[in-house]
Amino acid sequence: MKEILGNTRKLTFLGVMLALTIAFVAITAIPTASASMAWFMFIPTIVTSIVMGPKAGALMGFCAGLTTLLRSVLAPLSPFDVFFINPLVSVLPRIFVGVVPYIVYRLLNAALGKSVNGERISILLAGASGAITNTALVMTALYLVFVKDIVELVGVPFKTLLISIITTSAVTEALIAAILTLPVVLAYKKINR
């Protein structure tokens, strides 16, 4: 982490990623933009993880989670926001969003790196893994901490809600994360050769 904080270029990159994270989370407070912008809010965390490593990614994930928690407190939009006031739901999963993509990228890049599109495939799948990590850990935290409250709120079994989320927004988020992560990471790598 010292090599990042002592490097002006890397510190600037972290600042830009943090600003984007805050902007994307803040925009979700606008009712008409909340669904579409929610898909973008973890791209900076995923990108930071891949290009700067798991420590910087975890830090960015923590900031994303904290920003989500604050938005839930200061500008709640739905009855579900009350659940995101708990840091086990809003912060902890986001820390892992900043770690898992790095691991996926490194493992896949090591396995596929010599192939024609190995790095691109590694980046795409790492991007998707960040979104999948977010959905999986947030839903797990919601289940472990608030299952009774959620079932009461939505009026359907948690399993039904989970299937609905996985088949709709989770797949879309993973695809968007994969597609958007690729050009950003490639551009960063090209500039920083």
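Derivation of every value follows stated rules applied to the coordinates shown; laboratory data play no part. Computed from a predicted structure; not experimentally measured. Glycine gets a Cβ as well: all are built from the backbone with ideal geometry, and neighbour counts include every protein chain shown.
For the pair E3 and K190, a Förster radius of 22 Å applied to the C-beta separation gives a FRET efficiency near 0.60, rounded to the nearest 0.05. Keeping to pairs on different chains or 8 or more places apart, tell me how many lysine pairs in region 2-191 have Cα atoms under 23 Å apart. Eligible lysine pairs with Cα atoms under 23 Å apart amount to 11. Calculated from the structure at hand, semi-axes √(5λ) of the Cα gyration tensor in Å is found among (1) 29, 19, 14; (2) 38, 24, 12; (3) 26, 25, 15 as (1). In the chain, helices alone account for a calculated mean residue ellipticity at 222 nm of -24500 deg cm²/dmol, with every DSSP H run of four or more residues adding -39,500 (n - 2.57).
Taking the average, over residues, of other Cβ atoms within 10 Å as the packing measure, peptides 61-72, 145-156, 77-88, 93-104 rank 93-104, 61-72, 77-88, 145-156 from highest down. In this structure, A75 and L11 have a Cβ-Cβ separation that, at R0 = 22 Å, corresponds to a calculated FRET efficiency of about 0.15. Assuming charge only on the beta carbon of Lys and Arg (+1) and of Asp and Glu (-1), the dipole of region 2-191 about its Cα centre is about 680 debye to the nearest 20.
Neighbour counts of other Cβ atoms within 10 Å put T133, T8, T48 in the fewest-to-most order T8, T133, T48. For the pair S115 and K159, label points projected 7 Å from Cα toward Cβ lie 3.6 nm apart.
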